[in-house]
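A short worksheet on the structure shown next.
The values are calculated or read from the model by the stated rules, or taken from the named source; none is laboratory data. Fair warning: this is a prediction, and the values are worked out from it, not measured in the lab. Glycine gets a Cβ as well: all are built from the backbone with ideal geometry, and neighbour counts include every protein chain shown.
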Amino acid sequence: MTEAAFPGLQRHDNVGAMEPLSPDEIARYHRHILLPEIGGAGQQRLKAARALVIGAGGLGAPVLQYLAAAGIGTLGIVDDDRVSLSNLQRQVIHDSGTIGELKTESAALAIARLNPHVRLMRFEERFSPETARRQLSGFDLLIDGSDNFVTRYAAADAAEEARIPLVSGAVGRFDGSLTVLKPYESAEDGTPNPRYRDLFPEAPPAGLIPACAEAGIIGALTGVIGTMMAMEAIKLVTGTGEPLIGRLLLYDALAARFDTVRYKRRRTREGQTG
């Protein structure tokens, strides 16, 4: 783990007690502040937010770039991989000059150039059930841009245990999906929000879903889904709009079509929600 200008983390629920925006920040985020739905208070919430992003690859690249540009105060990056030439077709936070570097380091340098107000925390390791609690300590939002179900289940379990929102996205060839999970809370009708396992009860058999290294993937697709993941994160932090809780958003790039599938908490044999 490498830390860069990362002070002690505290949760901030009172906007008045948050660190004020500097003149440079007010100018930088002026287009946000003009929006009544965000305004100065919402921008202060973004500055106080601490988001951990799993993966600095195809999905993580636009997530990190847009959250940094939006003014998320602290970004954590979890990735143990290094930049390769084949990554550059879609992982746009990296470039030809960073080939061979750790993705966390390459991404951190790009973020520093984009927005020096963002504090960074790097974890040069994988996200797993064994590392999750330590890596999540102090963060109030988890964003999963991983490419395998083992990590996705680990992220879902860890976020639920920590009682923080999870934004989860996935891509494959020409299609993608994303959802938001807050299973520790209830919907307006009092029913508990669904878990990740209510959407995917079991991981598919090994080899059923080929990795992009085997099946290929259109690069711009990761930008579409990753940018939408960043949008969901901004909505969660600022309290703007309706997050994709209990809804799976599907995108078919070839047909240029979006569909939404609703899902609920499954019931146990006794008829109670699990």
Check your understanding: Thr238 is checked against (1) on the phi > 0 side of the Ramachandran plot; (2) at pLDDT 95 or above and fails just one. What number does that condition carry?
Key -> (1)
**Study point:** Pairs where the first residue, in the range 159-188, is touching a residue at least 24 places away in the same chain (Cβ under 8 Å) and the second is outside any helix (DSSP H, G or I) and acidic (Asp, Glu), C-beta under 6 Å, 6+ apart
**Key:** Ile164/Asp140; Ser168/Asp144; Asp175/Asp252
Exercise for review: Grab the helices (runs of 4 or more DSSP H) fully contained in the range 130-225, keeping just those with 1 or more residues being within 15 Å of Arg265 (Cβ to Cβ) and within 13 Å of the chain's Cα centre (by Cα).
Suggested key: 149-162
Point to revise | Residue pairs meeting the criteria (Cβ under 7 Å; at least 6 apart or on separate chains; first more than 18 Å from Ala187 (Cβ to Cβ), in the range 255-272; second in a strand (DSSP E or B) and modelled with pLDDT under 90) | key: none
Check your understanding: Does Leu64 satisfy the condition of being in contact with a strand residue (DSSP E or B) (Cβ under 7 Å, 6 or more places away or on another chain), assigned to a helix (DSSP H, G or I) and touching a residue at least 12 places away in the same chain (Cβ under 8 Å)?
Key -> yes
Review point. If you check Arg82, Arg31, which single one turns out to be basic (Lys, Arg), surrounded by fewer than 22 Cβ atoms within 10 Å (Cβ to Cβ) and farther than 19 Å from Leu120 by Cα?
Key: Arg31
Practice item. Test Asp198 against the stated conditions and say whether it is in contact with an Asp or Glu (Cβ under 7 Å, 6 or more places away or on another chain), in contact (Cβ under 8 Å) with a residue 12 or more places away in the chain, over 22 Å from Leu75 (Cα atoms) and not hydroxyl-bearing (Ser, Thr, Tyr). Key: no
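Yes/no per residue for (1) in contact with a helix residue (DSSP H, G or I) (Cβ under 9 Å, 6 or more places away or on another chain); (2) touching a residue at least 60 places away in the same chain (Cβ under 8 Å):
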position: Asp80; (1), (2): yes, no
position: Ser84; (1), (2): no, no
position: Asp95; (1), (2): yes, no
position: Leu120; (1), (2): yes, yes
position: Glu125; (1), (2): yes, yes
position: Pro129; (1), (2): yes, no
